[in-house]
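Here is the structure we will look at.
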Amino acid sequence: MLKGIVSLVTGGASGLGRATVERIVREGGRALICDLPTSEGAKVAEEIGSNVIFVPTDVSSGPDVENALSECKDKFGRLDVTVNCAGIGIAAKTFNHNKKVSHSLEDFMKVQKVNLGGTFNVIRLSAAVIAENEPDADGQRGVIINTASVAAFDGQIGQAAYAASKGGIVGMTLPIARDLAPMGIRVCTIAPGLFKTPLLMSLPEKVQNFLAKTMPFPQRLGNPDEYAMMVQAIITNPMMNGETIRVDGAIRMQP
């Protein structure tokens with residue numbers, strides 16, 4: 001169903017991003033993985049096969065993303081779909097009364113730079129490349145898909161920085177979709193709940209089991225391929241535009 005599409009996936013070396021790359025290639029597409037030089041991007045690209053390349057990329061760097069897009073055009077000739085999965089997170093209270101310590105402003109701004117700024121950076125530069133495509137019968141030239149989080153709506157204690165960054169992604173989805181509509185470029189955002197990402201899988205099994213039980217149904221952690229399934233659904237459904245979709249098993253995070 002994705003035969004022939006060319007995609008760029010940030011954070012594609014692991015977790016939700018890797019699952020997305022694997023699904024796109026499995027369905028007949030090609031993918032460029034953008035991830036940090038310290039990631040296992042080269043190894044992942046080799047494992048998945050010849051329809052995948054890796055370009056070391058800091059999503060918050062304009063030159064890095066421009067280089068990745070240039071590599072994409074050189075290797076695959078075009079870009080149809082961009083999926084933003086790159087992101088970081090920290091846990092810190094706004095003010096810790098016991099320790100008499102305020103949240104680091106530097107840490108707060110770093111999360112905004114990578115999660116929100118990095119996502120926007122990739123969107124703005126990808127749009128210029130996707131806009132070069134010939135439109136289909138609907139006038140569509142391509143799709144951009146972002147990753148927020150249920151924390152954008154249900155941020156927990158200690159998640160001020162992370163929730164703010166993901167809330168920003170939700171907030172800019174519609175205006176960017178409206179900005180790019182005249183070019184036939186759709187924009188959607190996925191807000192995943194608790195998934196089996198490297199971060200969650202690094203937690204003790206007892207903690208993982210506890211988190212799974214907080215899910216109404218299905219009562220388990222999400223599989224990264226279930227995120228990738230939603231990516232595929234957005235790509236293949238022309239009416240999906242300007243929307244944020246929760247993929248979370250009906251969870252509503254508590255403080």
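Annotations
- Condition broken by residue 82, with the remaining ones in (1) out of contact with any Ser or Thr (no Cβ under 6 Å at 6 or more places or on another chain); (2) closer than 28 Å to residue 28 by Cα satisfied: (1)
- Out of 84, 67, sole residue that is surrounded by 17 or more Cβ atoms within 10 Å (Cβ to Cβ) and under 18 Å from residue 121 (Cα atoms): 84
- Residues satisfying the stated conditions in the range 23-38, i.e. farther than 12 Å from residue 53 by Cα, surrounded by fewer than 21 Cβ atoms within 10 Å (Cβ to Cβ) and not basic (Lys, Arg): 27, 28, 36, 37, 38
- Checked against (1) under 19 Å from the mean Cα position of the chain (by Cα); (2) among the aromatic types (Phe, Trp, Tyr); (3) more than 25 Å from residue 8 (Cβ to Cβ), residue 95 meets all criteria but (1).
- Of all the listed residues (253, 215), the sole one being under 20 Å from residue 87 (Cβ atoms) and aliphatic (A, V, I, L, M) is 253.
- Checking every residue in the range 22-35 against the condition of being farther than 21 Å from residue 234 by Cβ, small (Gly, Ala, Ser) and either in contact with an Asp or Glu (Cβ under 8 Å, 6 or more places away or on another chain) or at pLDDT 95 or above (or both) gives zero matches.
- Conditions (1) among the aliphatic types (A, V, I, L, M); (2) surrounded by 21 or more Cβ atoms within 10 Å (Cβ to Cβ); (3) at pLDDT below 95: number failed by residue 91: (2)
- Of all residues in the range 218-255 being assigned to a loop (DSSP other than H, G, I, E, B) and under 17 Å from the mean Cα position of the chain (by Cα), the one that is surrounded by the fewest Cβ atoms within 10 Å (Cβ to Cβ): 223
- Answer from 118, 167, 142 - the residue that is without any contact (Cβ under 8 Å) to a residue 40 or more places away in the chain and either in contact with a helix residue (DSSP H, G or I) (Cβ under 6 Å, 6 or more places away or on another chain) or closer than 26 Å to residue 222 by Cβ (or both): 167
- Restricting the search to helices (runs of 4 or more DSSP H) fully inside the range 105-176 and requiring at least 3 residues that are among the hydrophobic types (A, V, I, L, M, F, W, C) and within 28 Å of residue 255 (Cβ to Cβ) gives 105-111, 151-154.
- When residues of the range 3-19 are limited to those that are of a type outside the set (Lys, Arg) and over 13 Å from the mean Cα position of the chain (by Cα), the one surrounded by the most Cβ atoms within 10 Å (Cβ to Cβ): 6
- Residues being buried (at least 21 other Cβ atoms within 10 Å of the Cβ), under 16 Å from the mean Cα position of the chain (by Cα), of a type in the set (A, V, I, L, M) and modelled with pLDDT of 95 or more are entirely absent from the range 124-142.
- Residue in the range 191-204 that is buried (at least 17 other Cβ atoms within 10 Å of the Cβ), closer than 27 Å to residue 90 by Cα and among the β-branched types (Val, Ile, Thr) present: yes
- Residues in the range 39-50 that are closer than 17 Å to residue 75 by Cα and surrounded by fewer than 19 Cβ atoms within 10 Å (Cβ to Cβ): 42, 46, 49, 50.
The values are calculated or read from the model by the stated rules, or taken from the named source; none is laboratory data. If you're wondering where the values come from, they're calculated on a predicted model, not measured in any experiment. In this analysis, Cβ positions are derived from the backbone assuming ideal geometry, glycine residues included, and neighbour counts consider all displayed protein chains.
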